[in-house]
Amino acid sequence: MSSKPPLLTLIKDPPVRCLDGVGELYDLRLAPGPGIRAALCAGRGMDAAVMDASPDLEMISLVGVGYDRIDVDHARAKGIAVTNTPDVLTDDVADLAIALMLAVARRLPAYDLYVRQGHWAAEGLPPLARRASGRRVGVLGLGRIGQAIAARAKPFASQIGYHSRRAKAEGADYLYFEDPIGLAEWADVVIVAVSGGHDTAGLVDRRTIEALGPDGTLINISRGSVVDEPELVAALQDRRLGFAGLDVFGHEPHVPKALIGLDNVVLLPHQGSATRETRKAMADLALANLAAFFADKPLLTPI
């Protein structure tokens, strides 16, 4: 029998490659069951059924900041602590939001492909892009990541506005809008940075998309569920929405086929925090929470 504490591991994808050595610290279990006090999970989360199948579970360490795919209410009802890895991924996600904004405006993926496919030599220069700077940038959600996005947008934006559930002191230098529609009517670019979950599902609906309009750009680095995806696809097809940059989708890793052929959208495979440095920091924090739990010390980042 192993002397290492058992750890339920629900990480099937490779987003946390820096956790390769976790087996040296814990007796890894790939299925729920009795005798397991702690679990480690990533983007797939953990539902109530898995918790119920692990009757001795006391703690879940999530490698990620968004916990909408963990049944947190069920965990709390069962007395199970949940931790995540905030702050360490803020910079990378904010960087990617700005990169998407620039890539969409200046058509960077399309221009790269234009060169690679020989069109420049054969046909001359491609159609002109649009200026990225001097635009009104709206941030939907002024949490940690939203604040970092707004700070990065300052050199580009003529003005910055935001919507959150309430006005925030951190947004004192920005315009506050009481609802997403008002923000979209005002903005040239809206960057979605709210948390996922039931409360924000479909927050960016048809009315918000149409308020942004045929000259507007929607950037989403949040969760696919926050945007009404069928309405987004239809609006991009009909050019009722001008442009989009998407790092997240409603049914990942599946992307609506209709988006693939559109030239007014840039698509990424959920890469917000996907740098070596940040993934290591996330893994380190998740392991530190586990170590604190097994040492009967306060958890570092409880939800």
Under-5 Å amide H pairs with LEU28, H placed in peptide plane, nonlocal only: LEU7
Protection proxy ranking of 179-187, 68-76 - average other beta-carbon atoms within 10 Å, highest first: 179-187, 68-76
Carbon/sulfur fraction of accessible area - the chain, other protein chains in place, 1.4 Å, %: 53
Eligible aspartates and glutamates near LYS4 by straight Cα distance, threshold 18 Å, same-chain separation 8 or greater: ASP20, GLU24, ASP27, ASP56, GLU58, ASP296
Cβ-based charge dipole, the chain, positive-most Cα from GLY182, GLY79, LEU96: LEU96
DSSP bridge pairs, the chain: antiparallel proportion in percent, nearest 5: 5
Dipole in debye (nearest 20) - the chain, about Cα centre, beta carbon charges: Lys, Arg +1; Asp, Glu -1: 480
Linear extension gain, ARG166 paired with GLU277, 0.36 nm per residue minus alpha-carbon span: 36.6 nm
Residue list for region 151-189, given a label point 7 angstrom along the Cα-to-Cβ vector of ARG207 and an amide N cut-off under 11 Å: 179-182
Highest-first arrangement of 229-235, 39-45, 165-171, where packing means the average Cβ count within 10 Å: 39-45, 229-235, 165-171
Equivalent ellipsoid semi-axes, region 1-150, via Cα gyration tensor eigenvalues times 5, rooted, Å: 44, 20, 12
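Where Rh is the Kirkwood radius over the Cα pairs of the chain, the temperature 20 °C and the viscosity 1.002 mPa s, what D in µm²/s does Stokes-Einstein return?
The estimated diffusion coefficient comes to 103 µm²/s.
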Charged-residue dipole, Cβ positions (Lys, Arg, Asp, Glu), region 153-212 about Cα centre, Debye nearest 20: 120
Taking region 194-303 and dividing mean pair separation by its residue count, relative contact order in percent (alpha carbons under 8 Å, at least six apart): 21
Separation of the LEU113 and ARG44 label points, Cα + 7 Å toward Cβ, nm: 3.1
Per-residue [θ]222 nm for the chain (sum of -39500 (n - 2.57) over DSSP H runs n ≥ 4, rounded to 500): -9000 deg cm²/dmol
Directionally averaged shadow of region 207-303, computed from the convex hull of its alpha-carbon atoms, nm²: 8.1
Gyration tensor verdict on region 120-269 (Cα atoms; rounded if a/c is under 1.5, prolate if a/b is larger than b/c, oblate otherwise): oblate
Rg over Rh, two decimals, region 193-251 (C-alpha only, Kirkwood Rh): 0.94
Sites LYS4 and HIS198, calculated FRET efficiency, Cβ-Cβ separation with R0 45 Å, nearest 0.05: 0.75
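The values are calculated or read from the model by the stated rules, or taken from the named source; none is laboratory data. This one's a predicted model, so the numbers in the text were calculated from it and none came from an experiment. In this analysis, Cβ positions are derived from the backbone assuming ideal geometry, glycine residues included, and neighbour counts consider all displayed protein chains. Remember, those area values only see protein heavy atoms, side chains included, never the ligands or the DNA or RNA. Shrake-Rupley method; radii C 1.70, N 1.55, O 1.52, S 1.80 Å.
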